[in-house]
1. Name the residues in segment 343-367 that are in a helix (DSSP H, G or I) and away from ligand 2 (no atom under 16 Å from the Cβ), would you?
2. Contact list please: Cβ distance under 6 Å, first residue in segment 352-377 and of a type in the set (Lys, Arg), second residue assigned to a helix (DSSP H, G or I), pairs at least six apart or on different chains.
3. Of the residues that make up segment 322-340, is at least one of a type in the set (Gly, Ala, Ser) and within 26 Å of Val208 (Cβ to Cβ)?
4. Can you tell me which residues in segment 246-285 are farther than 15 Å from Gln149 by Cβ and hydrophobic (A, V, I, L, M, F, W, C)?
5. What residue, of Ala308, Ala370, is surrounded by fewer than 19 Cβ atoms within 10 Å (Cβ to Cβ), more than 16 Å from ligand 2 (Cβ to nearest atom), part of a helix (DSSP H, G or I) and modelled with pLDDT of 95 or more?
6. Just give me the residues in segment 205-249 being within 12 Å of ligand 1 (Cβ to nearest atom), among the β-branched types (Val, Ile, Thr) and part of a helix (DSSP H, G or I), in sequence order.
7. Could you tell me whether Gly328 is surrounded by 16 or more Cβ atoms within 10 Å (Cβ to Cβ), free of Cβ contacts under 8 Å to residues at least 40 places away in the same chain and within 16 Å of ligand 1 (Cβ to nearest atom)?
8. Restricting segment 171-202 to residues that are in contact with a strand residue (DSSP E or B) (Cβ under 7 Å, 6 or more places away or on another chain) and β-branched (Val, Ile, Thr), which is farthest from Arg106 (Cα to Cα)?
Amino acid sequence: FALSPKYPEPRMFRRPDRLKAFYDVVIIGGGGHGLAAAYYLARDHGITNVAVLEKGYLGGGNTGRNTTIIRSNYLTPEGVKFYDQSVRLWQDLSQDFDLNLFYANRGHFTLAHSDSALRTMRWRAEVNKHFGIDSELVTPEVVQKACPQIDLNCGGHAPILGALYHAPGSIARHDAVAWGYARGADQRGVEIHQQTEVLGITVEAGQVTGVQTTRGNIATSRVLCAVAGSSPRILQMVGVRSPLYIHPLQAMVSEPMKPWLDPIIVSGSLHVYVSQSARGELVMGSALDPYELHSTRSTLEFAEGLAAHLLDLFPCLAPVKVVRQWAGMADMTPDFAPIMGKTAIAGFYLDAGWGTWGFKATPVSGKTMAYTVACDRNHSLIQDFLLERFTNYALVGEKGAASVGH
Ligand code: FAD
Ligand code: PYC
């Protein structure tokens, strides 16, 4: 294809100036998940006549808005096995891409402020250990040692009684993950089309046959939908019902500081989590906004509430300034597990329901969805995450490990 004269030399990936009439696979959504699927389709399955269609810019959805916590300390055996595979894939991704993802292994504390929270942490620790995952229940003193600045009393509101400690807990640079997958896919022949919105999907006799976009129509028999907060809109195009509902999830960062916070600290009860990025900013977040909304507006209420709770944990942060805040659209499921795999429409594959937890799953979702699309067979690791679990009453209750309170 011809390169756009505006960008003659590809820096990270090429920018094709027009769509082809036919692709073997069309991927809707240029976030981490869509790009990872494209990468593994090309690398592992030799399928390169693939277009990734992104209505905005690469990584501009939840991938570029997330707080990058990577962990596998889930509650259900299905979840633990799945996210463990992802954590393993993260380990050599920088090398795979020849791109520094700033993957930083920091250790992850989920604080317990009540007996019932302690019980859940113990439960998670035991399930984790059963599957060989490094998680353990620790005392407040261990938390204090790893993080001397923390006020174990939390201003007297909610004293810390213990924590789930997960040594593999990590963070990474989110944009680099999208770019790394994009460049790797592009180098193998995948076309990445930004500013290309999918407006409709043609289904004939129960089989996908094409896609309509703002830049023309495409014929294809395989479409992978990886659009996170826009999933309900795409599902409407093919007449598939789902239990997905969209809530905003907000986050904010502080001004940069010298490194002082090594571990990732999460408190579901206080609705706050925080880590310090490679740039020195504190990356902070809270629970979902309590209303359904398809919007990325952010609010003062969020910044005020989060700051107040953060000060319960770290009174020393009182003089620190907040420099940015934003929101993403979290595609929530009733059981807090994803929806992946084949659907009732032949050739329409779904990767959704990533809510507040999908960044860490980017590698494993890409790998398993690429397999599922290439082979037209659900990968064994995603068998428990199919859409039909909601009609079969086979939910995967992961709410207790969702990290931020909901
Ligand atoms: P996205 O990155 O949202 O990509 C989907 C893309 O589809 C978007 O770029 C969008 O523009 C595009 N699109 C939509 N509709 C169309 C259309 N019609 N045509 C073409 N393109 C379309 N997860 C974690 O594991 N750890 C965390 O710490 C964490 N923190 C989070 C913090 C916040 C504030 C938010 C909002 C989310 C957080 N998450 C976290 C969740 C995580 O960000 C997401 O689950 C994950 O990034 C989803 O990736 P994706 O590629 O599926 O979606
Ligand atoms: O999945 O660990 C997580 C997470 C933390 C903040 C948002 N999601």
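1. Residues satisfying the conditions are Gly366, Lys367.
2. From residues that are of a type in the set (Lys, Arg), the pairs are Lys360/Ser86; Lys367/Tyr40.
3. Looking only at segment 322-340, we keep the residues that are of a type in the set (Gly, Ala, Ser), and these are 327-328, 330, 337.
Imposing the further condition that a residue be within 26 Å of Val208 (Cβ to Cβ) reduces the set to 337.
Checking segment 322-340: at least one residue is of a type in the set (Gly, Ala, Ser) and within 26 Å of Val208 (Cβ to Cβ).
4. Ile246, Leu249, Ala251, Met252, Val253, Val266, Leu270, Ala278, Val283
5. Values: Ala370 fails: surrounded by fewer than 19 Cβ atoms within 10 Å (Cβ to Cβ).
Going through Ala308, Ala370 in turn, the sole match is Ala308.
6. Ile234
7. Numbers: surrounded by 16 or more Cβ atoms within 10 Å (Cβ to Cβ): yes; free of Cβ contacts under 8 Å to residues at least 40 places away in the same chain: no; within 16 Å of ligand 1 (Cβ to nearest atom): yes.
In short, no.
8. Result: Thr202.
The values are calculated or read from the model by the stated rules, or taken from the named source; none is laboratory data. Keep in mind the model is a prediction, meaning the values are calculated, not measured. When we count neighbours, we look across all protein chains shown, and the Cβ atoms used for this are built from the backbone with ideal geometry, even at glycine.
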